[in-house]
Every structure is written in C-alpha cells, then in structure tokens.
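Undergrad: Just passing along the structure, written as structure tokens.
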Amino acid sequence: MHFIVAFFLIQYAHSVMQHTEHASRWDNFFKYGRIVVFSLVATYYIAESPDWFGWIWNLGLLGLVRFFNQNDDFKSIRSTAQSVLPFVGISMVSDFFEQVFPKFFHSYEQFFQIALSFAFIFCFVIWFYARKQQNVLAQEREERLREEQIAKETKLSLEYLVAERTQELTQQKEELQKTIEELKATQNQLIQSEKMASLGELTAGIAHEIQNPLNFVNNFSEVSVELCQELEEEIDKTNIDDNDKEYIKGIIGDLSQNQQKITHHGKRADSIVKGMLQHSRASSGEKEPVDVNALADEYMRLAYHGLRAKDKEFNAALVTDFDATIGTVNVLPQDLGRVFLNLFTNAFYAVAEKKRKLTEAGQPGDYRPEVKISTKKFDNKLYIRVSDNGTGMPEHVKAKIFQPFFTTKPTGQGTGLGLSMSYDIITNGHGGVLEVDTVEGERTEFRITIPIA
C-alpha cells in the first residue's frame, strides 16, 4: 500500500504541475522520485519484507508532504497531499503496537487493517475528486484563455479598424484642406488674371491712343528732315556771304540731325507700342514667317525696360548670340512673343533677386547680373536658349515649375501661369519641347526646341 500511495502522490503532483509555469523546473525531481520509489520496492522484496521497512515508507511520505507544504510552487496541491496523513498515522500506530505490544496488536490486528484500508481508500477518494476538480479548473482555465485570446483578437481588430478609419479621416481632412487652399489660390489667381486682363485691355487702349500722336511725330520729323534738305539747297541759290552760308548750313545740319534722332527714337517707340499691342492681342492661330532673332531681341529689351521702370537702380548685361542663317521661321508670333516675355521677365527677376540678397548680406562682390539668349538652326530644328546667372531653383521647385498656378514669387508679383502657358504654347502650339536646366544659387537655362521642317 505504501508503494501505491507514494507512487500515485508523485504522479498526481506531476500531472498538476504540468499545467503551471513551473513544470520544467521540477521535471528532474519527479523523475528521481519515481526512481526512489521503485528502488524502495525492489529493496523491500530483496530484503524479504523486513519489519522496519514500513517506517521508511512512512517517513518518506511525511517528507513529501512537508516538502509540498514548504514550497510555494506546490501550493495548489497541499490540501490533497495532506490526505495521506491519516494513512501514514494509522500505519505508524499499527507498526508501533506491533513492535511494542504484539499481543494487543494481534488481538486487534483486524481492526488496524480495516482502519488502514479505509485510510488508503480515503486517499484515493480525495485524489479522485481533486483530479476531477483539477480537470474542471483546467477546462475553465482553457476557456478563459480562449476568451481572452478572442477578446485580444477582437481588440486588435477594433484598434486596426479605428486606426484605419482615423487614417482615412485624416487623409480626407488633409485632402479637403488642400482642396480649400487650392480653391483659394485659384480664386486669387482668377482675380489676378482678371486684373491682368483688364490691365491688358487698358494697355491696348493706351497704346492705341499713343500710336496716333506718335505717328504724327514720326511723320513730321521725316518731313522736317526733307525740309532741311530743301532749305539747304535754297541757301545755295542766294547771294549770301559764304561765311554766313556755312553758319546757316551748320544750323540746318544740326536741325536735320535732331530730326533724324527724333525719327529714330520715334520708330523705336512705335515698335514698342506695336509690341504691346501684339502682346495684348489674342493669337490668330495661324503661323507666319517671323524673324525670330528680331522678335527675341525686341522682347528681351521690352522685359528689361519693364523691370527698369520699376527699379531705376537695376542693371544687367544683355547678351545675344543669334544665328544669322536662321532667316524667317513659320511660328505664331504673338504666342512666341509671350513665351519670350515670360522667360526674360523671370530671368531678370532672378538676377535682380540674387543681387538684392547679396547686397543685403553685405557680399555683393563682383557679381554682374547677366541674361543671355542664343539661337541656332540645325537639322530642321530651331534651338533657343534663355539663360541667366541668377538664383537658380532647387529640385522640388524645378519639378513643379510648369504646373499651373505654381509660383515662387511673392504674392502680387506672379500669377503662376506664365511658364505653364509658355509650356503649352511651345509643346501644343508649335509641337516643340520646353525644358529647364538649373543649379540652385548659380544659374538657370530654359531650352526651347521647335521643329521647322
């Protein structure tokens, strides 16, 4: 009986500990415990059932119970392990009477055996109910763990859905804010465009009004030159002293020279007025033979003097490198003029801005603003380069430079439509290519390629 009780006590304790986090720590203990139990059984039969062997079993069982009571890892099986104490107690009393009072023991041996059997059965009854309760607790624990896992998965799923929804709402909010900002910018640009359109109409009207008196100035200056020539001829026919003739001819020559200068600058003013009218006039949509070199030079000087009108202190070197073999090219003159005006305006603004920044930083050095245009005809293509040594552009600006309403200029100084319109004119209107090459803080070059076959 002692062997069975000891073996099943160890087995029960091992099965309970397998469901705890301390199972691996006590595996060796239970393994060696079984070995000791089987060794004692072997010793018992080899020693031919010595009388003192029962005391070893009893002390071993008491030692196991004491060990389980003292170690906190076995707290869950303490009450079940203590169920062997009645069996051990009755066994020790029975052995004591057998050794000390053998006659009394033999007289009541049957009662001792019955009590020991009941104690033995009591142990297994307690273990049976404890094992059953342990199984119920294990099932409840598994059910609880399963519910916790389900709850955890549900929580993670809800957190994911909330995060996903939050991200969607945040994205929608950002898109709405961006749309509102774009609408505001578009509204401002439309207002600015309307102002520019009104200004264009006003400019066209003023140019028309200026053109009439300008024509009179040019016509009368040319007539005055002819009159001076006739007057000089009439002087030769008179009998005036030669010295007086020379004096009068000198005055007439000065008058003629003045009239020629008036004619020259009048024609210059007339070309500017015609350029203003041409720029404000809608494109006819039909290509015309145009001297591109002259057109580029005209708009380059128009843009330069336009900036000079705003900033009297501004100066820049105007460098031209025209291919004289180009001749006339079929283009849309009004549209190509707008492209030139936009590119030159931006170039002059860039060099002026760089000059201003260097001056404010106290490092003007030997910086000399320069805007250059070059033309070249090659392989049935017209190549135009407009470059400057101004502020340049960073990569993120370069990527957006041809987008509508994108501008790097302060509010009121740029509509963000110039380069976008220029890109559309070159690519759609002329079937060409408009590219930009820039180095931030150093230079910018716009490259126009137009097929002329």
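The values are calculated or read from the model by the stated rules, or taken from the named source; none is laboratory data. None of the values given here were measured: they were computed from a predicted structure. Note that each Cβ is placed from the backbone with ideal geometry, even for glycine, and that neighbours are counted across all protein chains shown. The area values use the complete protein model at the heavy-atom level, side chains included, leaving out ligands, DNA and RNA. Shrake-Rupley method; radii C 1.70, N 1.55, O 1.52, S 1.80 Å.
Undergrad: Note the full-extension length gain between L255 and E175 as 0.36 nm times their separation in residues minus their Cα-Cα distance, in nm to one decimal.
TA: 21.7 nm
Undergrad: Note down the nm distance, to one decimal, between modelled labels 7 Å out along Cα→Cβ at N380 and at A294.
TA: Each label point is offset 7 Å from its Cα along the Cβ direction, giving 2.7 nm.
Undergrad: Stretched out fully, how many nm does the piece from L183 to K357 gain, at 0.36 nm a residue minus the Cα gap?
TA: Length gained, L183 through K357: 59.4 nm.
Undergrad: Given a Förster radius of 51 Å and the C-beta distance between T427 and H264 as r, what FRET efficiency does 1/(1 + (r/R0)^6) yield to the nearest 0.05?
TA: 0.85
Undergrad: Quick one: which residues, 5+ away or cross-chain, put their amide H under 5 Å from the amide H of L382? H built at 1.01 Å from N.
TA: I450, I452
Undergrad: Let me ask something additional. With a Förster radius of 41 Å, plug the Cβ-Cβ distance of K132 and F67 into 1/(1 + (r/R0)^6) and report the FRET value to the nearest 0.05.
TA: On the way: r = 25 Å, r/R0 = 0.60.
According to the calculation, E is roughly 0.95.
Undergrad: Quick query: amide H of G432 versus all other amide H atoms, modeled in the peptide plane; which residues come in under 5 Å with a sequence gap of 5 or more or a different chain?
TA: Those qualifying (amide H under 5 Å, at least 5 residues apart or on another chain) are T427.
Undergrad: How much accessible area per residue does segment 297-453 have, counting only protein heavy atoms and a probe of 1.4 Å, in square angstrom? Mind dumping the intermediate values first?
TA: Numbers: 8000 Å² over 157 residues.
Each residue of segment 297-453 exposes 51 Å² on average to a 1.4 Å probe.
Undergrad: When the solvent-accessible surface of protein heavy atoms is calculated with a 1.4 angstrom probe, in what order do Y299, Y383 fall, highest first?
TA: Values: Y299 5, Y383 60 Å².
Of Y299, Y383, the descending order of accessible area is Y383, Y299.
Undergrad: Follow-up. Kindly sort F402, F101 by accessible area of their heavy atoms, largest first, with the probe set to 1.4 Å.
TA: F101, F402
Undergrad: Next up: Longer than 23 Å from Cα to Cα, which of K376/K398; K372/K398; K173/K398; K310/K354; K267/K287 are they? Say none if no pair is. Could the numbers behind the result be given before it?
TA: Details: K376/K398 25 Å; K372/K398 20 Å; K173/K398 28 Å; K310/K354 17 Å; K267/K287 26 Å.
Among K376/K398; K372/K398; K173/K398; K310/K354; K267/K287, the Cα-Cα distance tops 23 Å for K376/K398; K173/K398; K267/K287.
Undergrad: Shifting gears a bit: Apply the Karplus parameterisation 6.51 cos²θ - 1.76 cosθ + 1.60, with θ equal to phi minus 60°, to every residue of segment 312-319 and state each ³J(HN,Hα) to the nearest whole Hz, in sequence, with x for glycine and proline.
TA: Each residue's phi maps through the Karplus curve to give 5, 7, 6, 9, 8, 7, 9, 10 Hz.
Undergrad: In whole Hz, with x marking every Gly and Pro, tabulate ³J(HN,Hα) for segment 233-247 from phi via Karplus 6.51 cos²θ - 1.76 cosθ + 1.60, θ = phi - 60°.
TA: Listing the rounded values in order: 5, 5, 4, 5, 7, 7, 9, 6, 4, 4, 5, 5, 4, 4, 5 Hz.
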